[in-house]
Structure formats: structure tokens, C-alpha cells
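**Student:** The structure follows.
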Amino acid sequence: MSRHSFSNSLSWRIIGIVSAIFFVVMVVIAIVSHNIIADEATRSTQHILHGTISELEKPLTTVEISTQAVASFMTPMLSQPEMLQMIASRTVEMSELINGCALLFVCPDGSIDTLRPAIFNYGDKDGIHQFHPNNQQLQQLCTIWNLQQLQETKMASWTAPYIPFDTRASRVVSYCYPLVDSMLNIYAIVISDMVIDQIESTVEGIRPYDNSIATLIFNKDNIIGIKSSDSDLINRFKCSFTGNSAFEDMVEDLRSNKDSIRRRVGKGRDLAFVVYAPLHNGWKLSITCPYREVLRRSSQMHVALIIIGLVGLVIIFFVCRRVIRRMTRPITELSVSALNMAKGNFKAELPEITTQDEMLRLHDSFIYMQNSIADYIDQLKTTTSANERMESELNVARNIQMGMLRTDFPPQLYALLNPAKEVGGDLYDFTLKGDQLYFAIGDVSGKGVPAALMMAITRAAVRFVESLGLPMSETLSRVNNSFIDTNSTNMFVTLFVGRINLKTLHMDFCNAGHNPLVILPPDGEPYFLKAKANLAIGLIEDFAYEAESIDLTPGTRIIAYTDGVNEAENASEEFYGNDRLLETIRQMNRDMTSETAVNLLFDSVKTFADGNPQNDDVTLMSIQL
């Protein structure tokens with residue numbers, strides 16, 4: 001069987017439709033499942049974030065409460081250095097979280113009170129020790145403890161991690177609690193140090209996914225929770241976040257201590273979501289999770305579904321092709337019979353159909369077609385014979401109609417009529433009596449045989465009335481009434497009649513709804529002859545037509561035409577139009593004969609139509625004075 005057979009084509013179309021549906025379903029499943037998994041991962045990570053924040057805030061709150069208690073004990077004993085040393089030492093000794101306690105005196109102007117030495121106590125594995133910093137170390141500690149910020153806010157605060165100047169090797173954070181007098185001036189600061197090993201371990205242990213990153217942000221220069229093994233991942237994230245509006249919004253939220261979620265942060269394979277929230281002391285905890293880690297299982301499932309789907313499509317294709325071949329075998333046999341019928345064997349044997357379905361109806365339709373074709377051929381022979389007789393009669397009618405038109409043109413006049421069908425409804429006529437040249441041109445409504453009959457009646461009426469030598473208005477009135485008496489089909493005629501005195505070049509004329517004549521003066525531009533608005537012939541009985549007259553100059557050319565000229569169309573449905581008509585007439589040589597002028601204009605119309613079928617009769621007349 002040909003690979004271009006109906007069964008193969010139908011099988012491929014079924015596979016194409018099923019594949020398209022499968023693709024759309026897989027895309028929808030992928031998008032929906034990815035969104036669901038991503039949302040669930042985001043919520044789960046947010047729960048981990050808030051749980052970790054609660055865990056981190058417990059020791060911080062304990063240190064804050066302990067420091068405030070120490071401050072309340074020290075306040076009444078500020079003049080007793082021994083008692084202050086004892087309180088600081090006991091605080092370090094008894095607290096599991098505080099491994100350093102200090103008291104710093106401040107002058108009213110905000111500077112360090114050097115007359116009252118500061119108290120520094122810290123603990124290590126060897127016990128409790130006192131520390132006496134030099135001036136440089138003291139100045140550095142004041143910077144670390146944000147002394148200037150404390151002076152401005154008068155509120156307790158936490159420092160960023162730092163390594164103390166004493167023998168402690170671990171990084172610590174300090175809680176600075178200011179003592180304020182009644183004038184809201186700070187006169188002393190109580191400082192409690194806490195080792196951040198436990199906090200750092202807690203933050204580094206947050207791993208919702210393998211490549212997740214949890215960070216505790218103290219300020220732009222102090223971040224914990226990033227292991228050395230994460231440095232490459234961090235660098236990729238920094239590059240991916242550059243210029244990312246979601247990341248910039250996240251930074252702004254962190255600055256304003258907002259709790260939020262940012263999806264689609266980063267780009268490419270590092271696209272991630274970030275959940276973040278502030279601690280009560282102003283620190284910020286964030287967790288960044290790459291989507292590729294979150295959606296890895298989902299992507300693996302989708303790949304498995306795609307493979308299963310492709311195998312299923314292959315199986316469907318072969319099953320469909322086999323079933324469709326069996327079902328369409330009668331169609332193949334019927335096509336062979338149809339080919340034999342096309343070659344002229346209308347008695348070709350048809351295959352037997354045993355099923356009671358569309359195949360049986362198709363078989364019966366072929367039998368009906370065989371019988372119908374045989375009957376049609378008999379009818380076609382009869383119709384062809386009738387059409388040949390009608391065509392012959394129309395040719396005779398055309399010859400008769402064309403024979404009715406005068407061709408014995410005087411030197412001044414030439415006319416041409418080209419019907420759209422075998423016979424047409426346009427007419428022209430002329431009579432030369434001495435110095436008087438009578439001429440007429442008209443267009444019967446409609447085309448074909450009815451218009452040709454009415455054209456013959458109109459021409460005969462015009463010829464008869466012209467012979468009476470009546471005025472132009474009376475001529476058209478009599479033609480109108482004669483036409484109405486014989487018109488039972490409600491047809492009408494547009495007609496222009498004129499009489500020119502060839503000596504004086506005075507022209508009397510009357511226009512019954514016809515196209516205006518074009519006058520081409522010997523030394524001027526062509527223009528349309530203005531005429532009074534009279535009704536077409538055959539509309540109203542006894543209508544009073546108004547005639548007019550004009551004096552012409554020697555060398556003037558008159559062009560009369562029907563609407564088949566200016567309404568000729570090309571393939572683009574564009575009309576020949578009045579502007580193109582005037583332009584063609586403008587190109588006529590003043591010494592050109594009337595016949596040459598008519599042929600020039602007719603050729604221009606045919607060239608414009610460019611083979612487009614003629615939809616109306618074309619009649620042209622040229623008079624050269």
C-alpha cells in the first residue's frame with residue numbers, strides 16, 4: 001500500500017491530533033504541578049524560617065533580660081567599683097549564654113569617661129578574667145558597640161559579630177544596654193557578650209534542599225550561615241541576582257524589616273525563591289532555594305510520562321493504521337471503479353459491500369451515479385443540440401443588429417459599437433442632410449436580447465422623428481411617448497441627440513439622462529459639455545424635454561460615448577473613470593481622423609481592462625468639425 005494512502009494519511013492525522021492533545025495536557029500538568037510543588041515548598045520553607053527565628057530569639061531574649069537585670073543591680077552601686085566588678089564577674093560565672101560583661105562610663109558630651117575606668121570581665125576555659133583595654137582598643141570597641149548610635153537613639157541594640165581583644169578566640173555579639181538619666185543623657189552602658197557558635201551552627205543547619213542557602217544578616221558586611229563549600233553557589237547567585245527587580249525589591253524589604261516571599265529571583269539555572277523575615281532585634285534571616293532542586297522530582301516524573309506517552313503514540317499509530325486499512329479497503333476498490341467510469345466505462349462493476357453502514361450508502365450512491373450519468377449524457381446531447389441552434393440564432397441576431405447600424409460614415413464622423421454579449425442595447429445613428437448633421441447615441445437599460453430589441457425600437461423611432469425636422473425637445477418627446485407605448489418591461493433609454501450646422505458650427509442638442517459629451521477645442525483642454533437634467537426615455541409619458549444650443553469653432557472635436565467606457569473595470573475592480581477619459585482625449589492629435597480617434601480611445605479602454613471580461617456595451621462616436 002502506498003505511503004500516501006488514505007489509511008496512512010488518516011493514521012498520521014490521528015497521531016497528530018493525539019500528539020497535540022498529549023502535548024497540551026503535559027504542558028498543563030507540568031505548569032500546574034510545578035506551581036503546586038513550588039507553592040508547597042515555599043510554604044514549607046517559610047514555616048522552617050519562622051521556626052528557626054523563634055529558636056534564635058530565645059537565647060537573645062534571655063541575654064537581653066539578664067543584661068537589663070544586671071543594669072538594675074549596677075545602677076545604685078556605680079560609685080563602688082568593687083561591687084560592680086563582683087556583679088560583672090558573677091554574671092559571667094552564672095550565665096550559660098553570657099561569657100563577657102562590661103560597664104562603660106560616658107560623659108554628658110557623649111565621650112568616654114576616662115576618669116572612671118571601665119569594667120571588663122569575661123570567661124574562658126580557665127575561669128573568669130578581667131580585661132583592661134588600652135585607649136586604641138577602647139576606641140575600637142566603642143565603634144563596634146555603636147556608641148554614636150546609642151547616643152542618638154537611647155535604645156539598647158545588638159552589635160554585629162566581632163572577635164574580642166581578650167583571650168577569647170570565638171566571635172561574639174554584644175548586647176549594649178544604655179543607662180539614661182532624667183535628662184535623657186546616657187551616663188553608662190552595660191554590655192553583655194554572647195558567643196555566636198550556637199547561632200551560626202543553627203543557621204548553617206537550615207537545609208530544606210541540597211543547594212539551599214540560609215543566611216543571618218546583621219548588616220551589609222556581616223553575614224553568617226555561608227559555608228566555604230557554598231562560595232561557588234553564592235557567586236552564581238550574586239551574578240544571577242544582578243539587575244533582577246525581584247532581588248532589588250527583596251533588598252528593600254530587608255532594609256525596612258518586612259516579612260515576605262520573593263519568587264523567581266535570579267535567572268537561568270539559578271532561578272530561586274527567597275523567604276525572609278526580621279528578628280526582633282533587627283537582624284534578618286533568609287532562606288534561598290533554587291527551583292531546580294525543588295522541582296527535580298517533578299521533572300523526573302514528567303520525563304517518565306513523556307517516554308510512556310511516546311511509546312503509546314507509536315502503538316496507537318500502528319493499531320490505527322491496521323484498523324483503518326481494513327475499514328477503508330472498500331473505498332480503495334470503489335476508487336478503482338470510479339477511475340474506470342472516468343475513462344468512459346459507466347457500466348464498471350462495483351465491489352460487494354456486506355456492512356450496513358456508510359460504505360453501503362456510498363456503494364448505492366455509486367450505482368445511482370452510474371444511472372444518473374447515463375441519463376445526463378442523453379440529456380446533454382439534447383441540450384448541446386439546442387444550444388448550438390440558439391448560438392446560431394444569436395449569431396444571426398448579432399449580424400442583423402450590426403447591420404441595422406449605419407457604416408457609411410461621412411468624413412466628419414465615425415462610430416463604433418462593441419456589445420458585451422452576442423447582442424447589446426447600445427445604439428448610435430446619424431444623418432447628413434445638406435449642411436445639417438443629425439447624430440444620436442443611446443444606452444438601453446440591461447443587456448442581451450431584451451436590450452437589443454428595445455434598441456431596435458428606439459433607433460427606428462429616432463430615425464423616423466429626425467426625418468420630420470422637429471426641434472430637439474420635440475424630437476425627444478415624441479421618441480419618449482413612442483417608446484412608452486411599446487415598453488411593457490419597464491425598461492428605459494438614456495439618449496443624446498444633436499444637430500450641427502456644418503457651415504455655422506451651431507449645434508442644437510437635447511440630453512435625456514445620457515453621459516455628457518466631451519468637447520475638445522482646437523487650442524484648449526477637453527471638457528464635459530454641460531446639459532440640462534432631463535429624464536431618460538421611457539420613464540414618464542409626455543415629459544417636457546428642454547433643448548439647448550452651443551456655437552463651436554472650426555477644428556473642434558466632439559466625443560460621444562456610453563457608460564461602458566468610463567465604467568470599464570480592470571481585475572482590481574478599478575473604473576476607467578472620467579479623468580482617464582479626458583486624459584486620453586487630450587492626447588488626440590487635432591489632425592487625427594474621427595476613425596483614428598475612436599480606435600485610440602477604444603484601445604485605451606481595452607488596455608486598461610487588461611483582459612477583464614467586458615461587463616457593459618461600449619459605444620464611441622467622434623465628430624471632427
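**Student:** Which of the three applies to region 409-624, rounded, prolate or oblate, going by the alpha-carbon gyration tensor with a ≥ b ≥ c and a/c under 1.5 meaning rounded?
**Tutor:** Judged from the Cα gyration tensor, region 409-624 comes out oblate (a/c at least 1.5, b/c at or above a/b).
**Student:** Can you tell me the order of 125-135, 322-332 when each peptide is scored by its average per-residue count of other Cβ atoms within 10 angstrom, highest first?
**Tutor:** Listed from highest to lowest mean packing, they are 322-332, 125-135.
**Student:** Could you tell me what fraction of 2.2 N^0.38 Å the Cα radius of gyration of region 78-195 comes to, as a two-decimal ratio?
**Tutor:** Here the Cα radius of gyration is 1.00 times the empirical estimate.
**Student:** To two decimal places, what compactness ratio does region 422-499 give when its Cα radius of gyration is scaled by 2.2 N^0.38 Å?
**Tutor:** 1.07
**Student:** At 1.4 Å probe size, put 542, 124, 375 in order of accessible surface, largest to smallest.
**Tutor:** 542, 375, 124
**Student:** Per the Debye formula with a single identical scatterer at each Cα and no solvent contribution, what log10 I(q)/I(0) holds for region 470-559 at q = 0.13, 0.22 Å⁻¹?
**Tutor:** Computed log10 I(q)/I(0) values: -0.47, -1.02.
**Student:** Report, in whole Å, the centroid distance computed from the Cα atoms of region 75-135 and region 562-585.
**Tutor:** Each part reduced to its Cα centre gives a spacing of 111 Å.
**Student:** Turning to a different aspect of this structure: Work out the count of Lys pairs in region 409-624 where the Cα-Cα distance is under 30 Å, with the pair 8 or more places apart or on different chains.
**Tutor:** Close lysine pairs under the 30 Å cut-off: 11.
**Student:** Output the peptides 308-317, 551-560, 36-45 sorted from most to least packed, where packing is the average of other Cβ atoms within 10 Å over each peptide's residues.
**Tutor:** The peptides rank, most packed first, as 551-560, 36-45, 308-317.
**Student:** Oh, and also: Which whole-number value in Å³ per residue fits the convex hull of the alpha carbons of region 53-132?
**Tutor:** Measuring per residue, one finds 117 Å³ for the Cα hull of region 53-132.
**Student:** A further question on this structure: With N set to the number of residues, divide the alpha-carbon radius of gyration of region 500-625 by 2.2 N^0.38 Å and report two decimals.
**Tutor:** Normalised Rg, Cα atoms only: 1.13.
**Student:** Quick one: pull the percent of accessible area on region 435-498 belonging to carbon and sulfur, 1.4 Å probe, ligands and nucleic acids left out.
**Tutor:** So the carbon and sulfur contribution to the accessible surface is 59 percent.
**Student:** Okay, next question. Roughly to the nearest percent, how much of the accessible area of region 78-195 is carbon and sulfur, given a 1.4 Å probe?
**Tutor:** Whole-percent figure for carbon plus sulfur exposure: 53.
**Student:** What are the equivalent ellipsoid semi-axes of region 1-78, built from the alpha-carbon gyration tensor (square roots of five times its eigenvalues), in whole angstrom, biggest first?
**Tutor:** 73, 6, 6
The values are calculated or read from the model by the stated rules, or taken from the named source; none is laboratory data. Quantities reported herein were computed from a predicted structural model and do not represent experimental measurements. When we count neighbours, we look across all protein chains shown, and the Cβ atoms used for this are built from the backbone with ideal geometry, even at glycine. Just so you know, the surface numbers come from the protein's heavy atoms only, side chains and all, with ligands and any DNA or RNA stripped out. Shrake-Rupley method; radii C 1.70, N 1.55, O 1.52, S 1.80 Å.
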